[in-house]
Structure formats: structure tokens, C-alpha cells
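A quick write-up on the structure given underneath.
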Amino acid sequence: MNVLLIYPEFPDTFWSYKHALKFVRKRAALPPLGLLTIASMLPEKWEKRMVDINVTRKLTQKDLEWADYVVLSAMVVQKKSAIKIITKCKEVGVKIIAGGPLFTSDYAEFEEIDYFVLNEAEITLPLFLADLEQGNAKRIYKTTEFADINKTPAPMWELAEMKRYASMSIQFSRGCPFNCEFCNVTALFGHQPRTKTSEQIIAELDSLYNLGWRDHVFFVDDNFIGNKRFLKTDLLPALTEWRKERREVTFYTEVSINLTDDEPLMEMMVDAGFDTVFIGIETPNEESLAECSKKQNKGRDLVNDVKRLQRAGLQVQAGFIVGFDNDSPSIFQRQIDFIQKSGIVTAMIGLLQAPSGTKLYERMKREGRLLGEMSGDNGDCTTNIVTGMNKNALREGYLEILRHIYSHEKYYQRIKTLLQEYKPSNIGAPLKFNDFMAFFRSTYILGIISNERFHYWKLLIWAYIRKPKLFPLAVRLTISGHHLHKIRDQYLR
């Protein structure tokens, strides 16, 4: 049996980093972790290949003619590319097995798909494979149960062209103890965080390292600190020990803001190799935090919390939302002020959207305010709900935030604010050839031909003199900014 695993193209969005990846000669930010894990769950005797459109840029007739089955996984934002792939598969006559977030929420839209293996594949995929072997496979396999991820196999990394990616990714846990109204994590994975064993994680890291990986690894957990006790007693000590001889490998992940309430945990994460965290800040408006049940963010000095993380050695990236019912026109300037003051360089801000399966989706449906399905792109100036604020005022206010925070002047100001606070302990990793080449490319693209050249040289000269150990980070952030400025212009158009 020949199986072709296909991952659709990501459009040019905030998190695609397509424009920045060109500086380091990479094709995609991250590999398709779900598909690589599915590959390990398929029968060993099956022949497997993977086509990640983000890396190969195309799907050939020869690829499809080789395959007996295509396994397709996608997120909502990849829908347009997924539809093109489905059409090509049908033209060749190859059968499609589909799963992942796009199909879990919208499988009824895809009549051309032969089989849906939905929800957690550790449960539904064995049922499908058993029926397929007996010749009586059903079209849809679903479950409301949650898998024991202690039994989840390591991803089949050998299917990926690892040198084409800027970072690798692994999963430690599923689920989140919180219940934010707009988030579908708990609907998909539950409130009780489930974790892999430390032995599993170390084995996955060993596999990556033995294949030659010497760079960033993203822990894709929606809330890495959901089970703090296990982190402190088991995983973080294991990671710290693993990195003693592998200092060039660093980690980043997603956490909730209450990490700042646990200074020992912050220190342990930094000691274990974490240097960046993404946090859902959402809004400085207390009433809007209450509205969306973001209780973990309420009653806090959020700017001070961010700076505490930075001083501990964790760069903070963050998500922000406008369009809550409790947002007034003042929210736009409040968001701008918060982002600038906090020194959050990578600030993703979007209009409130209601993903299928969330409490917000159900509430909007009851109130007659649902306008269909969301685009999956948090920053494309669209929403699938009727907002409390006038839609034109909301749109213009949102665009004004983008104009401001991703102007060259304000973006470079935030880099400087971060560098003044940031105290990482993982500076010792040696620079690679690609790092030097990215710097030289940036001196031409950003330092000569770009209209941001004044800000570029002013920042780098300041960093070289005042923060020489953070100079490589300053360069990386200017390159990331190149992508974010392009995306801002795209959204403004």
C-alpha cells in the first residue's frame, strides 16, 4: 500500500514568516507535526511519502499516480489550498483520508472526501484501519474521548526535508485548565492537561538531534504550564540534563500569564533552554476579559508581568483581540499604548472571531449574531460575528493599530525596549553560517534599499555598543519585522 501524506499551503499570514524565511534560506517555519505523527501510526509495511506544499511548492501528477491513498490534514486557514489538492486527487482517482482541525469542524462541506478520521487519531485511526483491512470502512470516524498520549508514537521525522524548516516542533501535552470563550482548545482537547512522559520527550529530541537538528524546537502545547507539578518534578529537570551537552538547541512554547506567579518555574524553564513564550494577553480592558472568561488575566498589572518574564530570560510574544462587546473606541489607543510600553515586539492583533465548537460560537448563534465560519487568519480584518461596535469604526480602529505598531519607528522602539529588559541565560549557543548570511542579507535589504534603513542602523549600532551579547537577537528581530511590515501593508490594502 502506497500512502501519500499531503500538507496544504499556508497563505501569507502573520505567522507564516514567508518574507523573513528568505533571509535564512528556509521554505517553512514548522513541519506538519500532526501528519508526521500519523505516519508513525500507519502500518509499518505501508510505503509512505510526504509532500508539504509549503516546502515543495507543488504537487505533481507523478506523486498522485504513485499513491493508493492520500492522507490530508489542514487547519482552517489552509482551506483554499486543501480544496485545490482535493480537486487534483479526484482528477487522478486517488482516494482521500482526511483529518485535522479544518475537517473536524467542517467535514460536511467536503463531499469529495472518501474517509474522515476526526478528533484524536490515537482513538479513531485504529478503528478506521481495522475496518479498511476488512473491506468495510465507514466514511466518518469520530470520538468524544480523549487519548492517552503516553501511547502516542514519535513523529516520523525522516519523511520531512528537515533542512527546509526554520524550526522543529514536538508536543508535550494536550488540553488547558482555562475556558476562554473564544478558544476551541478545551472543546477539542478538554480541560485536564494530558502529558507525555519525560522519556517520550527525550526520545523525540534524541531522534531530532541524531538526524542533525541543532536549532530551535517549538513545544506546540496550547498551554505548556497546564500541569506545573509534572514540569517541576519531571520534564524540566530532564530537559536541563539533556541540554548539558546540547546547548545549541533552544525551546519556545505557549503559556498562560500566570507563569509569572511562579518564579521558580520561570527559572526552571530558562535553565531547561526556553527563551521565548507566546501568551494570550488579548486586551488591557478588564470588562472585556470578564466577558470572554479570561479569568487568569484579570486583576493583574499585565505590563509588569511581561517585563518580569523578560527579565527572567523569556522573550514574550503575544496575541491581542479587539471587537469584544465591552470594547469602546478608546480600546484602540489602549492596545497601542500597552504593546509599546510592554516591549512585546511580536504582537499579533486581530478582530474577535468565533471558531466552531467554542462557547462564543454557540452564544453568537443563539443571539442571531453568527455570520458564518471564520477565515482562520486572525489578522485579515474579518470577523464572523456581528460585533457590538459599529463594524466600520471597529475596522478603522483595528487598521490604525496595525499602522501604528508596525510602523518602522514604533517597531524598532519596541525592539530597544525589549533589549533593555531582556536577560537571557542561553546566549552561549554558537552562531551558525546561516546566521551570518542572514545578517549580511539584512544589511543590504534593510540597511540599504529599504526605507527603514535609518531605524535599522540606529538600532544595530546601539545594540552593538550597549547590548553586544543581544546583537544577534536584534538582527533576528529586524528580519522578522521585515515580514510583519509586509503583512501589515497587505492587510491595509
Give me the helices (runs of 4 or more DSSP H) completely within segment 205-307, filtered to those with at least 3 residues that are closer than 30 Å to ALA160 by Cα and either modelled with pLDDT under 95 or of a type outside the set (Asp, Glu) (or both), ordered by residue number. 236-242
Of the conditions (1) surrounded by fewer than 16 Cβ atoms within 10 Å (Cβ to Cβ); (2) under 25 Å from GLY175 (Cβ atoms), the single one that GLU287 does not satisfy is (2)
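Going through PRO424, PRO430 one at a time, which residue ends up being outside any helix (DSSP H, G or I), under 24 Å from LYS307 (Cα atoms) and modelled with pLDDT under 95? Steps first, please.
Details: PRO430 fails: under 24 Å from LYS307 (Cα atoms).
Result of the check over PRO424, PRO430: PRO424.
Which is out of contact with any Leu (no Cβ under 6 Å at 6 or more places or on another chain), in contact (Cβ under 8 Å) with a residue 12 or more places away in the chain, part of a loop (DSSP other than H, G, I, E, B) and among the hydroxyl-bearing types (Ser, Thr, Tyr), of THR382, THR387? Lay out the reasoning, then the answer.
Values: THR387 fails: out of contact with any Leu (no Cβ under 6 Å at 6 or more places or on another chain).
Answer to the selection: THR382.
Determine whether segment 368-375 contains at least one residue that is touching a strand residue (DSSP E or B) at 6+ places or on another chain (Cβ under 7 Å) and either crowded, with 21+ Cβ neighbours inside 10 Å or of a type in the set (Asp, Glu) (or both).
Checked segment 368-375: no residue is touching a strand residue (DSSP E or B) at 6+ places or on another chain (Cβ under 7 Å) and either crowded, with 21+ Cβ neighbours inside 10 Å or of a type in the set (Asp, Glu) (or both).
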Could you please tell me which pairs satisfy a Cβ distance under 7 Å, a separation of 6+ or placement on different chains, a first residue in segment 179-194 that is assigned by TED's automatic domain parsing to the domain that holds GLU373, and a second residue that is part of a helix (DSSP H, G or I)? ASN179/THR186; GLU181/LYS359; GLU181/LEU360; PHE182/LEU360; ARG194/ILE149
Please state which one of ILE339, ILE349, ILE344 is of a type in the set (A, V, I, L, M, F, W, C) and either surrounded by fewer than 20 Cβ atoms within 10 Å (Cβ to Cβ) or assigned to a strand (DSSP E or B) (or both). ILE349
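When residues of segment 216-267 are filtered for being small (Gly, Ala, Ser) and more than 24 Å from the chain's Cα centre (by Cα), how many remain? Give the derivation first.
Of all residues in segment 216-267, those small (Gly, Ala, Ser) come to 226, 238, 256.
Narrowing the set further to residues that are more than 24 Å from the chain's Cα centre (by Cα) leaves 238.
Of the residues in that region, 1 qualify.
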Qualifying positions in segment 308-326 - more than 21 Å from the chain's Cα centre (by Cα) and in a helix (DSSP H, G or I): ARG308, ARG311, ALA312
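The values are calculated or read from the model by the stated rules, or taken from the named source; none is laboratory data. For clarity, every value in this text was computed on a predicted model and none was experimentally measured. Here Cβ is always computed from backbone atoms with ideal geometry, including for glycine, and neighbour counts include all displayed protein chains.
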